[in-house]
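First comes the structure, then the notes that go with it.
The values are calculated or read from the model by the stated rules, or taken from the named source; none is laboratory data. As the structure is a computational prediction, the values presented were derived from the model and not from experiment. Here the Cβ positions follow ideal geometry from the backbone for every residue, glycine too, while neighbour counts run over all protein chains shown. SASA here: full protein model, heavy atoms, side chains in, ligands and nucleic acids out. Shrake-Rupley method; radii C 1.70, N 1.55, O 1.52, S 1.80 Å.
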Amino acid sequence: MRTGADYLKSLRDGRQVFVDGEKVADVTGHKAFREAARSMARLYDIAAEPANRELMTFTSPKTGQPVLRAYQIPKTHADLRARRLFSETWAEATFGLMGRTPDHVAGFFCGFAAVPSVFAAGGQKFADNVVAYHAKLRDEHLYASYAIVPPQIDRSKPAHKQSDPALYAGVVKERDDGIVISGAQQLATGGVLSDVIHLSCIHPLQPGDENYANCVAIPVNAPGVKLYPRRPFALAAANSFDNPLSSRFDESDSYVVFDNVFVPWEQVFCYRNLEVCRDQWWKTPSHLLGNHQAQVRYVTKLRFMIGLAQRMNEMTGNVGNPAVQIMMGELASLVSIYENMLLSHEVTAPVIDGVLWPSKTGLYSAMAMQSELNGRMLESIRELAGSAFITLPSSLADLENPETAPDIERYMRSGSMDAKSRTALMRLMWDFIGSEFGSRHQQYEKFYGGASFLVKQNVYRNFDFKRATALVDAALNLPAVE
Ligand SMILES: Cc1cc2nc3c(=O)[nH]c(=O)nc-3n(C[C@H](O)[C@H](O)[C@H](O)COP(=O)(O)OP(=O)(O)OC[C@H]3O[C@@H](n4cnc5c(N)ncnc54)[C@H](O)[C@@H]3O)c2cc1C
């Protein structure tokens with residue numbers, strides 16, 4: 001198994017990451033990414049722990065070696081449960097705060113390899129390539145991130161009608177041994193920490209957009225790949241007491257620029273094919289398996305969220321207040337709904353041609369409402385907090401200064417906590433809910449799976465309206481009452 005140390009070592013590979021006008025020489029040593037890389041490394045260590053062999057691994061059908069369960073194509077309901085337990089173990093180690101751990105895109109590749117016929121529609125070699133690449137990711141314990149959304153430059157025009165045809169990442173040249181890609185694609189969360197970037201397009205494309213209708217895998221350190229992460233929150237984190245989450249779990253989101261990047265044919269799974277580019281998401285279980293992980297992670301984060309609220313109520317002395325209990329009951333209802341929707345992916349999952357597909361309505365309904373309900377839950381916690389996040393010393397230094405410490409210890413404690421413990425808890429909550437890190441998380445929950453109007457269309461397409469309307473017809477056809 002790949003250990004955390006192996007993983008960290010492999011990140012020192014000459015990748016081009018730019019922050020504050022400079023190229024980052026080593027992401028594992030730069031303050032912006034160092035702790036996030038270590039958090040990711042811990043996940044590899046958890047998976048490599050011999051005691052976790054059954055929980056975290058399965059046997060590679062090719063090498064006979066243990067490999068990450070995230071790469072197991074589920075064939076039975078028990079397999080999907082095993083995937084859930086794997087992802088839950090990783091999510092708990094990061095409190096659900098790292099969305100694109102290696103198990104996310106692994107789910108997409110499992111889905112691709114499960115139905116290679118979709119890729120064969122573009123030529124048998126593409127189907128063979130995707131099956132072989134899934135095996136490579138699996139057997140080498142690799143971490144893929146993805147950039148599958150065209151840049152938000154001008155959404156009123158299709159890809160090929162942008163002001164410059166090489167704005168969106170697309171093919172600019174075909175060679176005997178592969179293709180050359182130029183342009184940009186958003187938004188590789190975890191990109192700077194991953195081994196491979198999966199580049200494709202999930203936005204609808206139209207005739208004329210063929211150059212952008214591809215699906216390829218590109219090593220992050222391939223010549224010409226440049227990553228431009230948004231402002232890293234760890235840079236502004238004073239220390240791990242005052243910014244306990246931003247200092248450790250900022251997985252980063254990167255704009256990816258491909259500057260004449262060569263991709264050998266073995267790493268090409270869809271090439272200039274609008275139909276295959278669309279069908280890879282919807283006619284394979286890729287989108288379902290990838291987002292199954294996203295929901296496992298989200299449910300873990302919700303448990304953390306409600307745990308924080310409960311600890312805060314204990315601290316403020318409000319935990320026994322009936323009005324507070326009703327608000328917490330509503331919050332617990334929403335968390336329970338998400339917990340149970342997650343189980344419904346398994347229970348109502350169909351097996352299609354020997355492969356288990358997580359339930360579409362179960363998954364997409366949860367995702368569709370997440371963009372609204374997540375905000376509502378955070379709002380309730382703000383309501384419960386009053387001034388609790390604010391009535392705090394300016395930093396850890398105030399607790400250490402003999403001139404200020406006595407006042408802080410006397411006046412900033414709670415009935416049940418000393419001032420330092422109260423401050424530590426509230427710092428954790430503020431980083432979760434109100435800091436720049438917390439605010440980005442709220443945006444993430446709204447958009448990680450695409451804009452909610454698109455997810456709602458997925459629910460619309462898959463909901464059993466026939467059964468619903470049949471009830472209406474039955475009611476209309478009831479015999480008249482004598
Ligand atoms: C924190 C974060 C992390 C992300 N991580 C990744 C990642 O790892 N990999 C990746 O590929 N992508 C990632 N994304 C990108 C994400 O997939 C896109 O943001 C998402 O698909 C929405 O696209 P957009 O941002 O271009 O918004 P747009 O498509 O421009 O839409 C913006 C808004 O415009 C309105 N709108 C636009 N069109 C319509 C319409 N037809 N009908 C109704 N309303 C409309 C809606 O209000 C919509 O929400 C991430 C995004 C965020 C915020």
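Data overview
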{"read-out": "Violating pairs (Cα-Cα greater than 24 angstrom) within the set LYS125/LYS173; LYS173/LYS226; LYS136/LYS360; LYS226/LYS446", "value": "LYS136/LYS360; LYS226/LYS446"}
{"read-out": "Amide H contacts under 5 Å for CYS270, placed H, 5+ residues apart", "value": "CYS215"}
{"read-out": "The range 225-264 - percent relative contact order, Cα under 8 Å, separation 6 or more", "value": "55"}
{"read-out": "The chain - accessible surface per residue (Å², probe 1.4 Å)", "value": "43"}
{"read-out": "Cysteines in the chain lacking a second Cys C-beta under 4.7 Å", "value": "CYS110, CYS201, CYS277"}
{"read-out": "Inverse of mean 1/r across different Cα pairs in the range 246-383, Kirkwood, Å", "value": "18.4"}
{"read-out": "Expected-Rg normalisation [2.2 N^0.38 Å, Cα atoms] applied to the range 4-282", "value": "1.00"}
{"read-out": "Ordering of 434-441, 459-466 by packing [mean C-beta count within 10 Å, highest first]", "value": "434-441, 459-466"}
{"read-out": "Considering only the chain, percent of DSSP beta bridges that pair antiparallel, nearest 5", "value": "80"}
{"read-out": "Amide H within-cut-off set for ALA238, under 5 Å, with H built and near neighbours excluded", "value": "ASN243"}
{"read-out": "Accessible surface of SER421 - all protein chains present, 1.4 Å probe, nearest 10 Å²", "value": "50"}
{"read-out": "Principal axis dimensions, largest first and in whole angstrom, of the range 286-471 by Cα", "value": "71, 33, 28"}
{"read-out": "Cβ crowding within 10 Å averaged over residues, with 255-266, 350-361 ranked highest first", "value": "255-266, 350-361"}
{"read-out": "Contour excess over end-to-end distance, with Cα ends at ALA236 and GLU330 and 0.36 nm allotted per residue", "value": "30.4 nm"}
{"read-out": "Theoretical ellipticity at 222 nm over the chain - DSSP helices of four or more residues, -39500 (n - 2.57) apiece, nearest 500", "value": "-15500 deg cm²/dmol"}
{"read-out": "Within the range 144-279: Cβ-based charge dipole about Cα centre, in debye rounded to nearest 20 (Lys, Arg +1; Asp, Glu -1)", "value": "360"}
{"read-out": "Residue-span extension gain [GLU54 to GLU379] - 0.36 nm each, minus C-alpha spacing", "value": "113.0 nm"}
{"read-out": "Distant-in-sequence amide H partners of TYR146 (H built 1.01 Å from N, under 5 Å)", "value": "THR189, HIS198"}
{"read-out": "Probe 1.4 Å - accessible area at LEU478, Å² to nearest ten", "value": "120"}
{"read-out": "Alpha-carbon centroids, the range 396-460 and the range 260-276: separation in whole Å", "value": "43"}
{"read-out": "Of the DSSP H helices in the chain, those whose Cα atoms cover at least 30 Å axially and whose Kyte score averages -1.0 or more", "value": "286-316, 322-347, 360-385"}
{"read-out": "Nearest-10 value in Å² for the accessible area of ARG230, using the 1.4 Å probe", "value": "60"}
{"read-out": "Separation between Cα centres of the range 90-133 and the range 1-29, rounded to whole Å", "value": "23"}
